[in-house]
Protein chains: 2
Amino acid sequence: MDNRAIGMFDSGIGGITVLKEIKKLLPNEKIIYLGDTKRFPYGSKSKETIIEISRQCVKFLISKNVKLIIIACGTATSQSLDILKKEFNIPIIGIIEPTVKYIKDNINKEKEKIGVIATSGTIKSGQWEKKIKEEVKNVQVINEEAPLLATMAEQGWISNKVAEYTIKEYMKCFKNIDKLILGCTHYPLFEKLIRKELKNNTEIINTGTKLAEFLRRYIEDNDLQNNEKTNEYKILLTDLDNNFNKIAERLLEENLTTKIEKAEI
Amino acid sequence: MDNRAIGMFDSGIGGITVLKEIKKLLPNEKIIYLGDTKRFPYGSKSKETIIEISRQCVKFLISKNVKLIIIACGTATSQSLDILKKEFNIPIIGIIEPTVKYIKDNINKEKEKIGVIATSGTIKSGQWEKKIKEEVKNVQVINEEAPLLATMAEQGWISNKVAEYTIKEYMKCFKNIDKLILGCTHYPLFEKLIRKELKNNTEIINTGTKLAEFLRRYIEDNDLQNNEKTNEYKILLTDLDNNFNKIAERLLEENLTTKIEKAEI
């Protein structure tokens, strides 16, 4: 048993899609969510910068006495997870490993075609393709950089004409794939638009769902459950933005039961 | 007389719109253009980062023996120009001063409404509004952050549906203005789409044109003309990208007469 909170961070609002999945599967856990809105977007920053700001987010969450840390951000996972794991003595889970594990266990045919859509930083890091190919033989990975999507989500443009035509453009290379990994936690916001552009039998993988399932097993296996009745969560942002509440509520599909606070990092 | 080249830099391809205007007005000058594509976009980076990378660009151009430096980037101008001017002993001209001077000389009525569209970094710096109000009394400035446009231009999406609807969204607050400043050198790529959304008598100000006019006077006043017959220019990029040639030629409205080289910064 461990009644401390789970800590998680993202560059902004995208990780709320992961928070939602974790709340669903682990309703009895306290969660502290840190959105680094001040330094959003991570996707276009250098690897060195991302490592440094991710390190600061981890230190901040540790200072809040969390029991483990979720990197609910594709870019921070791909660029900094391996390094942070070596530097800190706390369990840190990113968004890549849980999805790769899921794919490994769910390959349905020879030479599956797996699409990955993510920020420029994530795609250039090559982490998705590398980790998938380490676990699955005989698979084809098709990568697509989507430098506009996270920013679009952060401005709340998730169902307007701009979003619609942007998704149409980015989906052109995925017409014939078996699975599509949404490699940035902002992208589930566009899932309906994405669905319209793909073959019916293409599976869309929300990395937040896979992460929540992985986390539930991890907590059980390591006996880290919270044994108090609680479903408390806190949201802290490095830069307060009036828009955040509205979009967060839309993402969570419920009213916020917490006051958003400013995080001084 | 000074036969050395003019140096200029931008975060990527946007400054090519300025290069074009300078080539037109000063056909006898050699130009060295540095596009910092490796670290594009500047618009979402912190002030400290922008100062540091702008400093590196200036040093690089000085090492190429240029006679003066143009910052052909709205974000770098608004965040770093004042500091760089103090640090370096070479004339440095940004995109704000020439346009503010033009506006000062071309106010047509009481309480003109001037729109500024630029990256988040530039708008948050407040530099445009501050510099305009220092020179012009009784003017209203309407600011709009456009976090998507530079990235969209850099991917070559300048006339597709995404660009069209994005411009429609961003122009909503400018329906009733007298002048619109394109505060990022990427934005002249969208000028046709922008024109469609504004009143006929709204003047669209291309900061590159104003900079080229300012530069011509500056060179004459300071006797810095090149007296050799030349119209040579060089383009150096910190990260080579196959797309750049095509977009650069579209921007320049001519075939490139130079081979693009890699700049090691």
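The values are calculated or read from the model by the stated rules, or taken from the named source; none is laboratory data. Quick caveat: nothing in here was measured; it's all calculated off a predicted structure. Backbone-built Cβ (ideal geometry, glycine too); neighbour counts: all protein chains shown.
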Which of the following residues is buried (at least 16 other Cβ atoms within 10 Å of the Cβ), of a type in the set (S, T, Y) and over 21 Å from A:I71 (Cβ atoms): A:Y165, A:Y187?
A:Y165
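Listed here are the residues, each with its yes/no results for (1) small (G, A, S); (2) at pLDDT 95 or above.
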position: A:D10; (1), (2): no, yes
position: A:R39; (1), (2): no, no
position: A:S46; (1), (2): yes, no
position: A:A76; (1), (2): yes, yes
position: A:I90; (1), (2): no, yes
position: A:P98; (1), (2): no, yes
position: A:I103; (1), (2): no, yes
Checking A:E52 against (1) acidic (D, E); (2) within 14 Å of chain B (Cβ to nearest Cβ); (3) in contact with a Ser or Thr (Cβ under 8 Å, 6 or more places away or on another chain): exactly one of these is not met. Which one?
(3)
Check off (1) surrounded by 15 or more Cβ atoms within 10 Å (Cβ to Cβ); (2) assigned to a helix (DSSP H, G or I) for B:L224 and give me the number that stays unchecked.
(2)
Return the only residue of A:L180, A:L189 being in contact with a Gly (Cβ under 6 Å, 6 or more places away or on another chain) and not charged (D, E, K, R).
A:L180
It is to be established whether one or more residues within segment A:99-110 are in contact (Cβ under 8 Å) with a residue 24 or more places away in the chain and either within 14 Å of chain B (Cβ to nearest Cβ) or touching a Leu at 6+ places or on another chain (Cβ under 9 Å) (or both).
yes
Taking the condition of being hydrophobic (A, V, I, L, M, F, W, C), away from chain A (no Cβ under 14 Å) and buried (at least 16 other Cβ atoms within 10 Å of the Cβ), how many residues in segment B:137-151 meet it?
2
Enumeration of residues in segment B:158-183 that are more than 8 Å from chain A (Cβ to nearest Cβ), among the hydrophobic types (A, V, I, L, M, F, W, C) and not in a strand (DSSP E or B):
B:I158, B:A163, B:I167, B:M171, B:C173, B:F174, B:I177
Assess whether A:F9 counts as being surrounded by fewer than 24 Cβ atoms within 10 Å (Cβ to Cβ) and in contact (Cβ under 8 Å) with a residue 12 or more places away in the chain.
no
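Residue-wise test of (1) within 20 Å of the chain's Cα centre (by Cα); (2) at pLDDT 95 or above; (3) of a type in the set (F, W, Y).
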residue: A:Y165; (1), (2), (3): no, yes, yes
residue: A:L182; (1), (2), (3): yes, yes, no
residue: A:L198; (1), (2), (3): no, yes, no
residue: A:T202; (1), (2), (3): no, yes, no
residue: A:R216; (1), (2), (3): yes, yes, no
residue: A:E261; (1), (2), (3): no, no, no
Any idea how many residues of segment A:34-48 are crowded, with 19+ Cβ neighbours inside 10 Å and either among the hydrophobic types (A, V, I, L, M, F, W, C) or within 14 Å of chain B (Cβ to nearest Cβ) (or both)?
10
Name every residue in segment A:55-85 that is within 14 Å of chain B (Cβ to nearest Cβ) and within 16 Å of the chain's Cα centre (by Cα), in order of residue number.
A:T75
Quick one: how many residues across segment A:41-70 are closer than 22 Å to A:I219 by Cβ, touching a Lys or Arg at 6+ places or on another chain (Cβ under 8 Å) and not charged (D, E, K, R)?
2
Does A:I31 satisfy being among the β-branched types (V, I, T), surrounded by fewer than 24 Cβ atoms within 10 Å (Cβ to Cβ) and at pLDDT 95 or above?
yes
Is it true that B:E232 is more than 23 Å from B:S63 (Cβ to Cβ) and of a type outside the set (S, T, Y)?
no
Just to be sure before I move on: is B:G126 free of Cβ contacts under 8 Å to residues at least 24 places away in the same chain and more than 14 Å from every other protein chain (Cβ to nearest Cβ) in the structure I sent?
yes
Can you pull out every residue in segment B:184-221 that is closer than 23 Å to B:K124 by Cα and not in a helix (DSSP H, G or I)?
B:C184, B:T185, B:H186, B:I204, B:I205, B:N206
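Condition check ((1) buried (at least 19 other Cβ atoms within 10 Å of the Cβ); (2) part of a loop (DSSP other than H, G, I, E, B)) across all residues:
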position: B:A76; (1), (2): yes, no
position: B:I83; (1), (2): no, no
position: B:V100; (1), (2): yes, no
position: B:V116; (1), (2): yes, no
position: B:G121; (1), (2): yes, no
position: B:W128; (1), (2): yes, no
position: B:I132; (1), (2): yes, no
position: B:A153; (1), (2): yes, no
position: B:G156; (1), (2): no, yes
